[in-house]
Structures are given as structure tokens and as C-alpha cells.
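Every number in this text was worked out from the coordinates using simple rules, so none of it is lab data. Please read all numbers here as calculations on a predicted model, not as lab measurements. For neighbour counting, all protein chains shown are included, and Cβ atoms are generated from backbone atoms with ideal geometry for every residue, glycine included.
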Amino acid sequence: MQPVAEAMRIEGAETSALDDPQLERMLAARQLSREDARLFVAQRGSREPVREDEVLEWLAGEYGCAFSRLDEITPDKETLALFPPRLLLKEEMLPLRREGGVVLVATSHLFAPEAFDGIKLVSGLRPRPVLAPSAAIQREMKRWLGVGADTIGSIEEEAGLEVVADGDEEDGNLDGAEEDASIIRFVNQVLTDAINLRSSDIHLEPFEDELRLRYRVDGILQEIPVPASLKRFQPAIVSRIKILSHLDIAEKRLPQDGRIKVRLEGQEVDVRVSLIPMLHGEGVVMRLLKKDRALDGIGDLGMASRDESILRELIGMPHGIVLVTGPTGSGKSTTLYASLGEINDAVRKIITIEDPVEYHIKGISQIQVNDKTGLTFARGLRSILRHDPDVVLLGEIRDAETARIAVQASLTGHLVFSTLHTNDAPSAPTRLIDMGVEPYLVASSLEGIMAQRLVRVLCESCKTEDRSLPTLRFRRQMGIEESARVFAAAGCEECRKTGYRGRRGIFEMMRVDEQLRELILTSRSVVGLRDAARRDGMRTLVEDGWRLVSLGVTAIDEVLRVSRASERMGATEALAEEVS
């Protein structure tokens, strides 16, 4: 079919159509012919930068094709199964559905006859192009074909595939690794994909008939599509991960832990690997830690002004214990590192003992716990105190011995930062006492306790105003500002349809004053400590969450998700009353 505009005589059609870099790229990629580029520029009559979707939509009109951004289109799985993934990925063509002897194919390459010939040769169907932007096609291919579809296809073609151990390898360089083995390419592809999606963890989970891949993004696990045949290559994939982690590939009956150091686009990522034997093979979890990530200061944590003021007061104290509490993955380490960064100067000696060392900070002496060599938290802390520190960061108080040494260190003139696994700030003193630390030592050493959680941030590209809830009564009951606009999650391509992108902390800051010290010594009641702290101005985690709701940062549902059961129940009952 000839373009409609070809018969037109357009003045100035020989103008420099190739001045725009986007047009040059489209010409090189066979998305556009030189004649059409000139016609488009002449008809457009504008010197603004050219967009790919704008050109493709114009081409669709000129050549009588359909145009789609693929937002609402779901490919037919049976039609998709007719084509080898390697061919589709190579030619960047996505079959959508079959209509008799014709197959509709999403493509951005209108002028690629050999690619259309390949589609026809494989299926016997005549391809009909549906023009779509390259990014949309790549997005939908990853969604429907699965991560590593081309790699798995090449694995199936390799006879007698073997994974060769290369234990001398120190790093994995993900920028175009030159290894030919498809298993190596697949593992690299999974790591690269997870890093690009801002994942904190990768889960490879074996089941009877599938090997499931999930990434934890913004604290939530998301299942990632993979080819159905991936299960066949589970042993080889696990072996490759063991090789990179310097683990025993022959050991399949005991848990193993290792590490991988990878680089992607100049960014260094430390990968902690954990393997555990399960019913249908070894399960793998890889935690991703970006070693060169820029650390925030206290002012960047997003605290309320009262909480930030108290934290700055605490980190300036000469001695005592400052605790940050919360479950794994609640941002405790980030808060502690931000605090250390504020006081990291030439007149203080700061030493940390951690498991693992998540961020390397210039000017701070950092120690890695190593249970195999006997370097535990308790033993390391004893040694640290002989190094004349001013400030000590203890990664976690795990047992009674570590707790007692930390208390003694604070009482002998050291400022001690640490973490503790409790649900809220008022529970921390009781937890230390339960560990065996004398109440009077807890009362005299604790200076401040901060509980925290992470809530997901609403995607700025798609968040929508929640006009149905809450009403004025609910706002007053929950502490949400009456004039604030309340938003809810929607979902778009920017946030992978989740409605959220990134996370922010909510905090519960409890300053231990004389009244609280007396309560720790006498009643030890968590309820009593909480009531006293709230009278002194402490905002609970949920109340701080409503602050972010008022600012339009997060949604009501997200605050309820991370709330304590009692507070969540109270808010839910309030909502139910409003609806009724």
C-alpha cells in the first residue's frame, strides 16, 4: 500500500528532515522511510522535538494501519504460543490475536519485510501490523513472554548443557558479560531486571510443576512472569547462583549463605544469597544492597518537626542508648546511618559492628560480624570498647549478653545506637528487661526510642483524589487535617499498575524523661509507658501515618496495612460507622 500523501506535491519536502535525533533513530531502526520522514516534517510544520508515538500514529493514518499504545490490549495466549520467543524478541514484534488467516502483530518497525516474512514462515498466517511505540511493545513482551524468554529458548536448543564452575570469579559484571552459556545470561538478566525495578529481594521458589520468580518492590512481593519451561532448568540456575556466591554446588541437603558482588552501569550492588532445601528443590532468596547509594540526612527522612528535633537532640548527647525498633525491612538502618552521618566529624571516634555492613561510610570504622570465626556482636562490642570510641553503632541487640554490654557501654560514657525488634517504642524497655537487664539499668541508660515503618508513596503520575472517604467526622477522629485533600492509588505504567512508587517512613518518637524512667522502674507496663509518652506529645505510628495522608503522600489503606492490630481495628470501625 502506498502512503496517501505520496501523491501530494509538498513545497519544502526536501527540508532537513533528519535534524531531529528521534527521526534519525527511527530511520536506522526501519520504523520510518526517508521519504516519509520528509513528508512528516513538511506536513507537521513545527520545529518541536519529534515523539515516536506521534510519528507512528501519523504513519498508521498514511498507510491505513491501526495504532495502539497497548494499554488496554491483552494478547491471545494461544496465538502467542505459535511463535518462538527468540524470534519475537529479536524482531520486536508482539502477536495480539488471530483473525482467520491473518495475525495482528504489534510492531514499531513498519519497513521490515524480512521480519514479517519470518512471522508468516513460522505460523503460516499473514501478518497485519498494528503500530505501537517501542517502549510499550517491550513492556508487554516482558509481561507476557516472561523474564529471560529468549534465553530459555536458546537453552532448549543447546544439547547437553553443563554449568562449569569458575570459583575464582570475584565479581559479576552485568554490563554485557561475554559468557556464552545461556544459564549465565539468564541469571544476569534476572539480577539486572531486579536492580532496574528497585527491588530489595529476589525470590526463586521451587514448586512441583513450576519455578516461581518474585521481586520485592517497595516492600511488597510481585510475581514476575517467566517461561513455563523454566522449571526444567532449575538445578542449573541454582548451581550458577552457587558458583557466583562461592558455595558448594554439591551440597543440596543443608542451608547455605553466600554473597555476590555485581556492577551494573557503574553501580555496585552487594547481593546476599540464602539457599534452603525445600520439598521440590532448593529455594533461593537474594537481598540486593546498593553499596554506593547516597545516604539521606536526618532532614531528608520526612519526620515531623517534633520528632526531628528530638532525634537531633539525642544524637548530640555524650552518652546513653538510642534505640530504633521495627521489623526487618522497616528502614531502621537508613535512619541510623543518617544519624551517624550528622555527627561524623573529626572530633568523634565512631565504630560500628553490623551484620551485614550495608553502607560504607568514609570516616567511620565498620566491623562485619562473622559467626564462623567467633566474631559475634557481644565479642565485637567488648573489643570496640577498648578502641576508645565516642559513638558505637550496634547492628542489633539479639540476646541478653549483648544487651548487658550495650547498657554498660552507655553507662561508661559512650553514645550507643542500636536496633531492637519490637512493635512499638513503649515495648522496648520491657523487652530489654525480659532479656535479663536490670530495670534500674534500663531506666538509667535509655535516652530515646524510635519505632518506625515504611509506607508506600502514591505514584504522582496516577494518584486520584478520594472523594468518597473520609468525611469530616472521620478526619477529626483519625487526626487528618480537615482541609487536606485525601488521595487513593490508581495504577499506571510508571508504577507497574501498583499505584505506588517509592516509600517513606512513619515514626513514633519516645523521649525517655524522668517520669518514664520512674515508670520503667516501677510498673513496667507498656500501656502505662505509652499513655505517659502520648501525654508528653508522642505521636503513634498510625497518627504519623495520618500526617502523610494529609500531605497527599500516601493513602489511608497503606497506613492501615502497616498499623498495629488495635489501631487498625479502631480506624476500620470508624470507617464502617461513616459508611453506615
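Assorted remarks:
- For K291, the lysines whose Cα comes closer than 17 Å to its Cα, not counting residues fewer than 8 places off in the same chain, are K261, K332, K362.
- Value of Rg/Rh across segment 434-567 [Cα atoms, Kirkwood radius]: 1.10
- With an a/c value of 1.5 or above and a/b larger than b/c for the gyration tensor axes a ≥ b ≥ c computed over the alpha-carbon atoms, segment 501-550 is described as prolate.
- Computed over segment 197-321, the P(r) curve from all C-alpha pair distances, binned at 10 Å from the origin, holds 11, 31, 27, 15, 12, 4, 0 percent per bin.
- Order by protection proxy (mean Cβ within 10 Å, highest first), peptides 233-242, 82-91, 206-215: 233-242, 82-91, 206-215
- Compactness relative to 2.2 N^0.38 Å, alpha carbon Rg of segment 316-367: 1.17
- Taking every C-alpha pair closer than 8 Å and separated by at least 6 residues, the mean separation divided by the residue count of the chain gives a relative contact order of 8 percent.
- Counting 0.36 nm for each residue step from R524 to R30 and taking away their Cα separation leaves a gain of 170.4 nm.
- Binned Cα-Cα distance frequencies in the chain - 20 Å width, integer %: 17, 40, 32, 11, 1
- Cα gyration tensor, segment 343-463 - rounded (a/c under 1.5), prolate or oblate: oblate
- Summed side-chain charge close to K231 - residues other than K231 whose Cβ falls under 10 Å, Lys, Arg +1, Asp, Glu -1: -1
- Cα gyration tensor shape of segment 75-140, rounded if a/c is under 1.5, else prolate or oblate by comparing a/b with b/c: rounded
- Pairwise label distance in nanometres, D399 with S365, each label 7 Å out on the Cα-Cβ vector: 2.5
- Counting only lysines at least 8 places from K90 when in the same chain, those with an alpha carbon closer than 23 Å to its own are K77, K120, K142.
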